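The values are calculated or read from the model by the stated rules, or taken from the named source; none is laboratory data. For clarity, every value in this text was computed on a predicted model and none was experimentally measured. Cβ placement follows ideal geometry from the backbone for every residue including glycine, while neighbour counts extend to all protein chains displayed. Surface accessibility is based on the protein's heavy atoms, side chains included, excluding ligands, DNA and RNA. Shrake-Rupley method; radii C 1.70, N 1.55, O 1.52, S 1.80 Å.
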Amino acid sequence: MRYTEHSKKGLISMRILIYGAGVIGSLYAALLADAGYDTSIYARGKRLEILKNNGLLYKKNQDLIKAKIKIIEEVPNDDIYDFILLTVRENQLYEALTELKNNKSNTIVTMVNSLDSYKKWEDIVGTGRILPAFPGAGGSINDDGILDASLTPRIIQPTTFAEISGNKSERTKNFSKILRHAHIPYQKVVDMHMWQLCHLAMVVPIADAYYEADCPERAGKDWKIMKKTAKKLKRNFSFLRKQAGRLSPCKMNIFRFLPLPIMTIMLAVTFESSFGDKFMYQHARKAPDEMRELHKQFYAYMKKLKEARYEIL
């Protein structure tokens with residue numbers, strides 16, 4: 001494997017902070033830096049020490065690249081960025097928001113798996129600072145700190161974001177330009193909360209399948225678990241469609257209409273594929289506490305929706 005320094009001439013004036021140096025944060029930092037943006041990454045603990053000693057190293061084809069980024073271990077209040085991308089796990093969200101509340105940057109892009117109220121987040125950092133989003137990426141970081149990750153194919157899950165109001169804004173336009181220039185597929189939606197609800201309706205049963213399997217890395221070979229997962233997906237999306245009146249994106253309706261045997265086969269093939277390993281298994285394996293908490297949140301929210309509908313009726 002060759003080792004090279006990688007950069008592009010002509011830095012773009014916008015400053016971007018990636019708050020969180022896991023797989024998602026590291027990949028977005030590398031891609032944005034490669035596109036010429038003034039990019040910093042906030043890290044701590046063991047990951048911080050590795051980055052300080054070796055830099056942000058990532059695999060690209062057969063090369064090992066060192067990203068042209070700044071590595072920081074604190075975010076001063078007057079260190080202002082055009083966008084802060086918050087790429088932490090759900091159970092780290094409130095600590096991160098508390099640390100960022102006094103920073104003077106206007107926009108925090110919350111790339112976090114959560115069903116919490118956006119108002120609760122704004123109560124911490126201030127009204128108008130939150131731009132809800134979700135990443136489209138997956139992969140792993142090995143014991144030497146080397147990132148092996150990639151973006152999710154556009155047709156499956158591009159980077160998704162929206163204003164809380166659902167309206168277009170100057171910052172969503174600017175964020176779109178940044179992603180487009182960095183060759184990161186993206187989509188703007190109207191209701192980010194509904195999008196995340198549908199996303200959890202899909203990923204929670206998938207993560208459950210790995211945790212229930214005797215051999216998680218070969219979960220796709222367990223026909224009973226695949227069939228059970230297919231049933232959960234059909235149930236989740238049928239329920240959401242009935243309770244909320246729509247799904248986001250619309251393609252999620254495929255889980256409602258696809259016959260159970262065909263869906264079971266498709267799940268088995270996906271679980272056994274390289275795509276399944278990189279974008280599904282790796283995350284489920286490394287974040288079981290987060291995924292189990294999201295399981296509780298999702299089904300509690302489903303129950304709340306059902307009870308609210310009965311009260312109306």
Checklist entry - Residue-wise, which Karplus ³J(HN,Hα) couplings in Hz belong to the range 263-272, taking 6.51 cos²θ - 1.76 cosθ + 1.60, θ = phi - 60°, and x for glycine or proline? => result 4, 4, 5, 4, 5, 4, 5, 5, 4, 8
Item to check | Folded to 0 to 90 degrees: helix 45-54 orientation relative to the chain principal axis, Cα | outcome: 50
Checklist entry - What residues have an amide H closer than 5 Å to that of Tyr81, excluding those fewer than 5 places away on the same chain, when H is modeled at 1.01 Å from N in the peptide plane? => result Ser105, Asn106
Checklist outcome for this item: Karplus-derived 3J(HN,Hα) from phi for the range 251-261 (6.51 cos²θ - 1.76 cosθ + 1.60, θ = phi - 60°), whole Hz, x at Gly and Pro, runs 4, 5, 5, 4, 5, 7, 9, 5, x, 3, x
Checklist outcome for this item: Computed over the chain: longest principal axis from alpha-carbon atoms vs helix 223-244 long axis, angle to nearest 10 degrees, is 90
Checklist outcome for this item: With the charge dipole of the chain built from beta-carbon charges (+1 for Lys and Arg, -1 for Asp and Glu) about the Cα centre, the Cα from Ile225, Gly45, Leu131 projecting farthest to the positive end belongs to Ile225
Next on the checklist: Projecting each Cα onto the charge dipole of the chain (Lys/Arg +1, Asp/Glu -1 at the beta carbon, about the Cα centre), which of Ile141, Phe83, Pro216 comes out farthest on the positive side?
Outcome noted: Pro216
Checklist entry - Given H placed on each backbone N at 1.01 Å, which residues far from Ile18 in sequence or on other chains put an amide H within less than 5 Å of it? => result Ser40, Ile41, Tyr42, Leu85
Checklist outcome for this item: Percent antiparallel among DSSP beta bridges confined to the chain, nearest 5, equals 30
Checklist outcome for this item: Around Leu151 (Cβ within 14 Å, Cβ-to-Cβ, excluding Leu151; K/R +1, D/E -1) the net charge comes to +3
Checklist entry - In degrees, nearest 10, range 0 to 90: what is the angle between the Cα axis of helix 23-34 and the longest Cα principal axis of the chain? => result 40
Checklist outcome for this item: Amide H contacts under 5 Å for Leu64, restricted to residues at least 5 apart in sequence or on another chain and with H modeled in the peptide plane, are Arg2, Tyr3, Thr4
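With +1 on each Lys and Arg Cβ and -1 on each Asp and Glu Cβ, and nothing else charged, work out how big the dipole of the chain is about its Cα centre, in Debye to the nearest 20.
Details: 49 positive and 34 negative charges, 257 e Å.
Taking the Cα centre of the chain as origin, the dipole is about 1240 debye.
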Next on the checklist: Spelling out what I want: for every residue of the range 192-207, take phi, set θ = phi - 60°, compute 6.51 cos²θ - 1.76 cosθ + 1.60 (Karplus), and round to whole Hz; glycine and proline get x.
Outcome noted: 5, 5, 5, 4, 5, 4, 5, 4, 5, 4, 8, 6, 5, x, 5, 5
Checklist entry - Mind checking which lysines have their C-alpha under 24 Å from Lys70, skipping anything on the same chain fewer than 8 residues away? => result Lys8, Lys9, Lys46, Lys52, Lys59, Lys60, Lys101, Lys104, Lys177
Checklist entry - Using helices alone, what [θ] at 222 nm do you get for the chain, with -39,500 (n - 2.57) per DSSP H run of 4 or more residues, divided over all residues and rounded to the nearest 500? => result -14000 deg cm²/dmol
Item to check | Heavy atoms of Glu217 accessible to a 1.4 Å probe, total area in Å² rounded to 10 | outcome: 100
Item to check | Label-point separation, Glu73 to Gln243 (7 Å along Cα→Cβ), nm | outcome: 4.5
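Just to confirm, what accessible area per residue do you get for the chain at 1.4 Å probe, in whole Å²? Show your work: numbers first, answer last.
Details: 15450 Å² over 313 residues.
On a per-residue basis, 49 Å².
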Checklist outcome for this item: For the chain, the charge dipole (Cβ of Lys, Arg +1; Cβ of Asp, Glu -1; about the Cα centre) points to a positive end, and the Cα of Phe271, Leu151, His181 closest to that extreme belongs to Phe271
